[in-house]
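What follows is one structure encoded as structure tokens, with my remarks underneath.
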Amino acid sequence: MFPAASLLALSLLATAYGQQVGTLTAENHPRLSIQQCTSENNCQTQQHSIVLDGNWRWLHSTSGSTNCYTGNTWDTSLCPDATTCAQNCALDGADYSGTYGITTSGNELTLKFVTQGPYSKNIGSRVYLMDQNDSQYELFNLKNQEFTFDVDMSNLPCGLNGALYFVEMDADGGQSRFPTNRAGAKYGTGYCDTQCPQDIKFINGLANVEGWEGSPSDPNAGTGSFGSCCNEMDIWEANMNGAAVTPHVCTVDSQTRCEGTECGAGDERYDGLCDKDGCDFNSFRMGDQTFLGPGKTVNTQQKFTVVTQFPTNNNQTSGTLSEIRRLYVQNGRVIANSKTNIPGMATFDSITDEFCDAQKQVFGDTNTFEQMGGLATMGNAFQKGMALVMSIWDDHAANMLWLDSDYPTDVPATNPGVSRGPCPANSGTPATVETESASASVTFSNIKVGPIGSTF
């Protein structure tokens with residue numbers, strides 16, 4: 001995920017967040033099936049579930065229903081400091097469909113953008129796949145494997161992001177490492193990514209109240225002194241006008257709390273623990289503006305299948321990750337990934353360390369991806385296991401222009417790498433999309449994982 005500001009721009013108009021467990025709303029995880037494949041046409045259905053991220057949940061006093069956090073402000077009587085807040089405040093269960101617009105049916109998950117619930121208006125959501133026991137996050141090792149899913153983003157316009165990706169979260173949400181985290185994976189705790197987001201309300205079992213400042217653009221979000229960092233593999237960040245697949249890596253090999261320069265906020269973007277830019281393959285940005293979009297080769301007006309392969313140097317799960325390949329399937333036709341068409345750059349159709357070096361050089365971008373170990377580091381994260389995340393969000397930091405328009409906005413769009421999609425430069429403003437695109441949604445379905453060649 002690309003936004004330059006440290007604020008992870010996932011907006012929420014419900015009021016609360018936390019780490020202990022409340023009892024005012026029952027927590028029932030919606031069921032979602034996936035398939036584990038062993039060879040072509042040999043896949044077994046597994047019953048899993050999804051859980052809502054703790055940052056979206058109602059946080060209230062353990063002794064009643066008083067909000068611990070309202071708007072973008074902590075209740076200082078309940079939360080005078082990080083430890084006291086963790087003792088005083090409880091995360092509660094979620095009404096997935098009524099409050100958050102999250103529904104499942106068989107192997108299908110739909111995330112609605114704006115939902116008017118009984119008590120609040122909710123914007124966006126983020127969920128994680130639980131294991132078959134519904135007790136921890138399912139962790140994936142995709143080395144020498146492929147991951148496949150269907151997506152319908154025909155109702156996802158400019159400025160929005162229907163994302164499916166992996167992060168190096170603790171399987172139990174950090175509950176065993178941090179005893180003050182009583183909620184754990186059952187309540188969606190422990191999030192981290194390479195943006196080292198500082199808008200997370202609880203990190204390492206403690207409230208992120210120190211240095212908390214409300215966002216100037218989002219009346220329901222803010223940032224604290226700490227962030228939560230870890231490796232991230234963005235399989236799919238997209239709307240109907242653009243898509244990117246992007247590995248990001250860090251110098252740390254598990255969920256890690258950052259502070260100050262470590263978080264890489266603002267002008268310290270390239271000095272932090274993680275590679276915030278990543279090494280992205282966006283077909284439009286890489287020179288093929290006819291490949292993906294409404295009515296294009298991959299027609300985003302219809303559902304299609306996304307296949308991502310992770311071959312290693314020895315074609316075994318024990319090897320070093322050496323490449324990330326992409327295929328599509330639509331209307332029964334297998335569609336090879338687009339090829340790069342950038343002056344001064346060789347032709348590529350997959351992500352390799354060679355591709356990343358060439359792209360960064362021709363675009364004039366800082367190559368923190370390779371400085372932090374490149375694909376080998378990404379593979380090491382998968383070896384440990386990574387949690388599956390699915391979300392829908394808008395972007396208070398950069399209006400999603402980095403995905404579907406011209407970005408950065410202060411340089412000519414004709415410069416190599418600046419033009420990333422066809423959306424207007426004035427699109428994606430949260431105040432606009434939250435009103436004009438309130439009914440937007442994304443649907444992910446038919447998730448499959450297995451050896452390369454087994455899932456489609």
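The values are calculated or read from the model by the stated rules, or taken from the named source; none is laboratory data. Everything numeric here is computed off the predicted structure, so don't read it as measured data. Counting neighbours? That spans all protein chains shown, and the Cβs are built from the backbone with ideal geometry, glycine included. The protein model used for the area step is the full one, side chains on, heavy atoms only, and it has no ligands, DNA or RNA in it. Shrake-Rupley method; radii C 1.70, N 1.55, O 1.52, S 1.80 Å.
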Completion exercise
All-but-one check, Gly124 against (1) open to solvent by 20 Å² or more (accessible area, probe 1.4 Å); (2) under 16 Å from Leu156 (Cβ atoms); (3) touching a Ser or Thr at 6+ places or on another chain (Cβ under 7 Å), failing number (1)
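Answer with yes or no whether Gln132 is open to solvent by 20 Å² or more (accessible area, probe 1.4 Å), in a loop (DSSP other than H, G, I, E, B) and at pLDDT 95 or above. It would help to see each step written out before you state the result.
Details: open to solvent by 20 Å² or more (accessible area, probe 1.4 Å): yes; in a loop (DSSP other than H, G, I, E, B): yes; at pLDDT 95 or above: yes.
Judged against the criteria, Gln132 is a match.
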Completion exercise
Filtering segment 84-104 down to residues that are within 16 Å of Tyr69 (Cβ to Cβ) and open to solvent by 60 Å² or more (accessible area, probe 1.4 Å) yields Gln87
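Determine which member of the set Gln301, Gln289 is in contact (Cβ under 8 Å) with a residue 12 or more places away in the chain, part of a loop (DSSP other than H, G, I, E, B) and closer than 30 Å to Leu52 by Cα.
Values: Gln289 fails: closer than 30 Å to Leu52 by Cα.
That would be Gln301, the only listed residue that is in contact (Cβ under 8 Å) with a residue 12 or more places away in the chain, part of a loop (DSSP other than H, G, I, E, B) and closer than 30 Å to Leu52 by Cα.
So that you can scan it fast, the table gives a plain yes or no per residue for (1) closer than 22 Å to Asp150 by Cα; (2) open to solvent by less than 10 Å² (accessible area, probe 1.4 Å); (3) in a strand (DSSP E or B):
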position: Ser318; (1), (2), (3): no, no, no
position: Gly344; (1), (2), (3): no, no, no
position: Phe348; (1), (2), (3): no, no, no
position: Glu370; (1), (2), (3): no, no, no
position: Leu375; (1), (2), (3): no, yes, no
position: Met390; (1), (2), (3): yes, yes, yes
Exercise for the section: Only residues that are farther than 20 Å from Ser33 by Cβ, assigned to a loop (DSSP other than H, G, I, E, B) and touching a residue at least 24 places away in the same chain (Cβ under 8 Å): list them for segment 88-126, please. Expected result: Asp92, Gly93, Ala94, Asp95, Gly101, Phe113, Gly117, Tyr119, Ser120, Gly124
Practice task
Of the conditions (1) closer than 30 Å to Leu111 by Cα; (2) of a type in the set (Gly, Ala, Ser); (3) surrounded by fewer than 19 Cβ atoms within 10 Å (Cβ to Cβ), Gly364 clears all except one; give me its number.
Solution key: (1)
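Within segment 213-225, can you find the residues that are touching a Phe, Trp or Tyr at 6+ places or on another chain (Cβ under 6 Å) and either among the charged types (D, E, K, R) or touching a residue at least 40 places away in the same chain (Cβ under 8 Å) (or both)? Quick ask: steps written out before the conclusion?
Narrowing segment 213-225 to residues touching a Phe, Trp or Tyr at 6+ places or on another chain (Cβ under 6 Å): 222, 224.
Gly222, the sole residue that qualifies.
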Practice task
Answer with yes or no whether Ala14 is modelled with pLDDT under 95 and either open to solvent by less than 10 Å² (accessible area, probe 1.4 Å) or part of a loop (DSSP other than H, G, I, E, B) (or both).
Solution key: yes
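Taking the residues in segment 392-411 that are outside any loop (DSSP other than H, G, I, E, B) and out of contact with any helix residue (DSSP H, G or I) (no Cβ under 9 Å at 6 or more places or on another chain) as candidates, determine which candidate is nearest to Ser441 (Cα to Cα). Write out each step before concluding.
Of segment 392-411, the ones outside any loop (DSSP other than H, G, I, E, B) are 392-394, 401-404, 406.
Going one step further and asking which of them are out of contact with any helix residue (DSSP H, G or I) (no Cβ under 9 Å at 6 or more places or on another chain), we end up with 392-393, 401-404, 406.
Numbers: Ile392: 8, Trp393: 10, Leu401: 19, Trp402: 20, Leu403: 17, Asp404: 17, Asp406: 24 Å.
If we take residues in segment 392-411 being outside any loop (DSSP other than H, G, I, E, B) and out of contact with any helix residue (DSSP H, G or I) (no Cβ under 9 Å at 6 or more places or on another chain), then Ile392 is nearest to Ser441 (Cα to Cα).
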Practice task
Could you check, for segment 352-362, whether at least one of its residues is in a loop (DSSP other than H, G, I, E, B), more than 20 Å from the chain's Cα centre (by Cα) and not acidic (Asp, Glu)?
Solution key: yes
Problem - Extreme residue, nearest to Pro179 (Cα to Cα), among residues of segment 56-82 that are in contact (Cβ under 8 Å) with a residue 40 or more places away in the chain, surrounded by 14 or more Cβ atoms within 10 Å (Cβ to Cβ) and among the hydroxyl-bearing types (Ser, Thr, Tyr) - result: Thr62
Practice task
For segment 327-339, state whether one or more residues are in contact with a Lys or Arg (Cβ under 6 Å, 6 or more places away or on another chain), at pLDDT 95 or above and surrounded by fewer than 16 Cβ atoms within 10 Å (Cβ to Cβ).
Solution key: no
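If you go through segment 271-292 one residue at a time, do you hit one that is among the hydrophobic types (A, V, I, L, M, F, W, C) and either surrounded by fewer than 16 Cβ atoms within 10 Å (Cβ to Cβ) or touching a Pro at 6+ places or on another chain (Cβ under 7 Å) (or both)? Don't jump to the end; show me each part of the working.
Initial filter on segment 271-292 (among the hydrophobic types (A, V, I, L, M, F, W, C)): 273-274, 279, 281, 284, 286, 291-292.
Next, from what is left, pick out any that are either surrounded by fewer than 16 Cβ atoms within 10 Å (Cβ to Cβ) or touching a Pro at 6+ places or on another chain (Cβ under 7 Å) (or both): 279.
For segment 271-292, residues among the hydrophobic types (A, V, I, L, M, F, W, C) and either surrounded by fewer than 16 Cβ atoms within 10 Å (Cβ to Cβ) or touching a Pro at 6+ places or on another chain (Cβ under 7 Å) (or both): present.
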Practice task
Pairs only if they're at least six apart or on different chains, beta carbon under 7 angstrom, first in segment 393-415 and more than 15 Å from Pro430 (Cβ to Cβ) and among the aromatic types (Phe, Trp, Tyr), second modelled with pLDDT of 95 or more and surrounded by 12 or more Cβ atoms within 10 Å (Cβ to Cβ); list them, first residue then second.
Solution key: Tyr407/Ala398; Tyr407/Leu401; Tyr407/Val418; Tyr407/Arg420
